Amino acid sequence: QNDSWGKQYSHALFKAMSHMLCIGYGQQAPEGMTDVWLTMLSMIVGATCYAMFIGHATALIQSLDSSRRQYQEKYKQVEQYMSFHKLPGDTRQRIHEYYEHRYQGKMFDEENILGELSEPLKEEIINFNCRNLVANMPLFANADPNFVTAMLTKLRFEVFQPGDFIIREGTVGKKMYFIQHGVVSILTKGNKETKLSDGSYFGEICLLTRGRRTASVRADTYCRLYSLSVDNFNEVLEEYPMMRRAFETVAMDRLDRIGEERLTP
């Protein structure tokens, strides 16, 4: 009691923290029932505050990178799914590599995020995200900006691994594809290969002719593509008939080359 105020407050703080952190009852044991009950009450309040502090701190740390946490939780479900079905090791490795390239350690509900934005903001974001595709593709570089925006808003991002057949000959075509990054091979019955890379597109022949696929397309590397469904394809081209002619010109040229390759012994 006769010490300086600094020592007195230090002693009081030590005793209070001992109670509130629930690791003891201070330097001196309580004397009398009043002290016993007050000390127990202090310990209960301290334990509650300590638990709340740990909970809030944990939530804060998790919220710092919620997209990565969401990805990890999703991938744990995928691992449990693979284990439950006893998938072979090579298939598990391909699934793991697909998730790594498709999501790159983060997962977002992009459709929900964009759906909550106004149309101008949504178009601005999509144009920014697809800027490399637009820059590498002559079809978009020289086209009406309104057509480019209308096309980009209907694209869906997809990832394919080396060896995947993106398109198989003879199947009904429901999509065309734009290559953002990667290399694909167009395969015909004559075993002739044509390579396409960044800035190219394929699959439009079937959408224009409403027939079956005239060639197969295989991914040679990890390919980051944007797909466009047949309904969205026709919807956009109805508004921009001049662009339909541009697609038809490329499609006829490819059909001619495929025909020549099949006739070549």
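A short reminder: the numbers here are calculations on the coordinates, not readings from a lab. Note that this is a predicted model, so its numbers are computed, not measured. All Cβ positions, even for glycine, are placed from backbone atoms using ideal geometry, and neighbour counts span all protein chains on display.
At q = 0.09, 0.14, 0.17 Å⁻¹ the log10 of I(q)/I(0) for region 119-263 amounts to -0.26, -0.65, -0.96, computed by Debye summation with a single uniform scatterer per C-alpha, solvent ignored.
Taking trypsin sites (Lys or Arg not before Pro) as exposed when their DSSP state is a loop state and no more than 14 other Cβ atoms lie within 10 Å, the longest site-free interval of the chain runs over 1-85. What the Kirkwood sum gives for region 165-221 is a hydrodynamic radius of 11.3 Å, with every pair of different alpha carbons counted. The longest part of the chain holding none of the exposed loop GluC sites (Glu not before Pro), meaning those outside H, G, I, E and B in DSSP with at most 16 other Cβ atoms within 10 Å, is 170-265. The aspartates and glutamates whose alpha-carbon is closer than 14 Å to the alpha-carbon of LYS74, local same-chain residues fewer than 8 away aside, are GLU100, ASP109. 3J(HN,Hα) along region 215-226, derived from phi through the Karplus expression 6.51 cos²θ - 1.76 cosθ + 1.60 where θ = phi - 60°, amounts to 7, 9, 10, 10, 6, 8, 10, 5, 10, 9, 10, 10 Hz, with x in place of Gly and Pro.
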